[in-house]
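Engineer: The structure follows.
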Amino acid sequence: MATGAQSRGGGPLAQLLILAVLHVNFIALGLEPDFLYPLENVTIAQGRDAMFTCVVNNLGGYRVSGDSATARVAWIKADTKAILAIHEHVITNNARLSVTHNDYNTWTLNIRGVKREDRGQYMCQVNTDPMKMQTAFLEVVIPPDIIYEETSGDMMVPEGGSAKLVCKARGYPPPKILWRREDGGDIISRSGPQGKTKVTSLEGEIVNLTKVTRSEMGAYLCIAANGVPPSVSKRIMLHVHFHPLVQVPNQLVGAPTGTDVTLQCHVEASPKAINYWTRENGEMIITNDKYHMTEITSSTYSVQMRLVIRNIQRSDLGGYKCISKNSIGDAEGNIRLYEMELPYRKSRTEEESDAASEESNDVRSSLQGPLREGGNRVEDAGFLGGGGPSSSDSHRIIPCGFFLITALVHTVC
C-alpha cells in the first residue's frame, strides 16, 4: 500500500530517481545550459540588503569545451569587470558579499548593508563556449538628509529689511526642497516679475524675503524629499524686530464708584517688551488687593494688557498709562477713568406711594365721567352762565363738592 502511494504521489525517493535520470539524459543529449528566468533589476535603500537570483538549467554534467571541468556560474561586477564569485566561492575581498546555491539550478548573490559604491551593473555568467550571461542593475537610493552646515539657522532682521533663507540637502535621487510656514500662513514674495505674490509653499533651496513686515515673523520649514522615505525637515525661526506699538481700544472709561473696572491696552513689540501700568503722576502700579494685572498673548509679537481696579473710589479716578519698552524703543497709551452716575431708582416706599396716587386719580376719573356726561344738559348750561328753561331751575343749589368737576371753567365755592 505504501509502495503504491509513493509511486503515484512521487515521494522523495521517486523524485531523486527522476532527477538522476534527467541528469543522465542531459549528459547523453549534450544539452547546453540556459537561463530559465531573466535577472531582475533591484532598487534598494542604502543600508538594506540586496540580492540577485540566477536560475540556470542543464548546467550539471555539462563539460566545458577543451576542459574536463563542468560548467560554472560566476558573478561579475560588469562596470568594473571585477569577478565577485565563482559557484559558491567569493573571490572579491568583500565580507558583505556571499553566494548561496540550492544544489540544483539556482544561485543567489547576497549583498548585506548596501552602500552607494555597490550601485552598478551585475552579471550572472556561465562559462560555456560561447559564454552565456545575463545582467541586471542595482540602484542604491539614499533617503534625504539636511546639510546643516550649509543651511540657515534662526535669524533676526529689522522690520523693512531683507532675509535670505537657505536649505541644502543630500540624498539619491537628489532631493527637492519645499518651503512652508509652520502656522500655515502665506510666504510673501516681492522680487518676482509679478510684484508682490502670496503662496502657501515655495520650491527651491533659497527663499528671498524683502521689505519684511512683522506679519512674516514666525517659523519656516524647509522639507527635503526624493521619494525615498522618510522625508526630513528643518525649522528656521525668523525674528522681525521693531519698537513697541500701543493701541488703546477705549481711552475714556466710566464706572460707578464701588464697582470693579477693567482697563485694556494692545501691545505689539519684538523683541519681547517689558509692560507695566502707572498712574498719570508716574506712580507705578503693582498687583495687590486694589489692582490685578494680566497679559494675554495674541501672537508671537502681540499681547493684551489688562488692569482690573477693584471697588473704585473717588481717589482712583483720573489718568492711567500702559507702558511698553524693549531694546529698540518704548511706547505708551493713556486712559482716563471717570465716575459714572447710576440711573436713579425709586425705593419701594416711593413706588408704593406712586401706585396709591395713581389709584386715587383713577377713582376721581371714574367719578368725573358720569357727572360730565349724565344729568340735565340744560342745568349744565345754566351753571355755566347760559339761559335755562325756567327761573326756578336757574336758582337750583348744587353742592359745593361737585364744583371740582368744573373748576377749570368757574371757581364757584
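Engineer: If I histogram all Cα-Cα distances within the stretch 33-165 using bins 10 Å wide from 0, what percent of pairs lands in each bin?
Structural biologist: Answer for the stretch 33-165: a P(r) of 11, 35, 23, 10, 7, 7, 5, 2, 0 percent.
Engineer: I need the shape label for the stretch 191-286. Rule: rounded when a/c is under 1.5, else prolate if a/b > b/c, else oblate, with a, b, c from the alpha carbon gyration tensor.
Structural biologist: Prolate is the answer for the stretch 191-286, as a/c is 1.5 or above and a/b outweighs b/c.
Engineer: Work out the P(r) tail for the stretch 248-339: percent of alpha carbon pairs separated by more than 20 Å, whole number. Write out the running numbers ahead of the final one.
Structural biologist: Details: 1355 of 4186 pairs.
Looking at the stretch 248-339, the distances longer than 20 Å represent 32 percent of pairs.
Engineer: Right, another one. Give me log10 I(q)/I(0) at q = 0.12, 0.19 Å⁻¹ for the stretch 147-241, Debye formula, one equal scatterer per alpha-carbon, no solvent.
Structural biologist: -0.37, -0.88
Engineer: Just rank 220, 276, fewest to most, by other beta-carbon atoms within 10 angstrom. Walk me through the numbers on the way to the answer.
Structural biologist: Values: 220 26, 276 16.
Sorted ascending by nearby Cβ count, the order is 276, 220.
Engineer: Counting other C-beta atoms within 10 Å, which of 99, 232 has the fewest, and how do the rest follow?
Structural biologist: Working: 99 21, 232 15.
Ordered by Cβ neighbours within 10 Å, fewest first: 232, 99.
Engineer: With a 10 Å Cβ neighbour count serving as the proxy for reagent exposure, in which order, fewest first, do 49, 289 appear?
Structural biologist: On the way: 49 11, 289 7.
Ascending number of Cβ neighbours within 10 Å: 289, 49.
Engineer: Taking amide hydrogens as modeled 1.01 Å from N in the peptide plane, which residues meet the under 5 Å criterion relative to residue 319, leaving out close sequence neighbours?
Structural biologist: Amide H neighbours of residue 319, under 5 Å, 5+ apart: 280, 337.
Engineer: Still on this structure: Need the list of lysines near residue 196 for cross-linking: C-alpha distance under 16 angstrom, and skip anything on the same chain fewer than eight residues off.
Structural biologist: Of all the lysines, those that pass the test against residue 196 - Cα under 16 Å, at least 8 places apart if same chain - are 211.
Engineer: Now a separate question. Relative contact order of the stretch 147-241: what whole-number percent is it, with Cα pairs under 8 angstrom and at least 6 residues apart?
Structural biologist: On the way: 205 pairs, mean separation 34.3, N = 95.
Averaging sequence separation for qualifying contacts and normalising by length gives 36 percent for the stretch 147-241.
Engineer: Here's another thing I want to ask about it. When only Cα pairs under 8 Å and 6 or more residues apart are kept, what is the percent relative contact order across the stretch 82-125? If you can, show how the numbers build up before the last one.
Structural biologist: Numbers: 41 pairs, mean separation 10.7, N = 44.
Contact order relative to length: 24 percent.
Engineer: Once the mean 1/r over all distinct Cα pairs of the stretch 99-170 is inverted, what Kirkwood radius in angstroms do you read off? Could you put the intermediate results ahead of the total?
Structural biologist: Details: mean 1/r = 0.0569 Å⁻¹.
Mean inverse Cα-Cα distance, inverted, gives 17.6 Å.
Engineer: Considering Cα pairs under 8 angstrom that are at least six residues apart, work out the relative contact order of the stretch 172-224 and quote it in whole percent. Present the calculation step by step, with values, prior to reporting the outcome.
Structural biologist: Working: 78 pairs, mean separation 25.6, N = 53.
After rounding, I find 48 percent.
Since every read-out is calculated from the coordinates, none of them should be taken as a lab result. Treat the numbers as computed from the prediction; the structure is a model and nothing was measured. Counting neighbours? That spans all protein chains shown, and the Cβs are built from the backbone with ideal geometry, glycine included.
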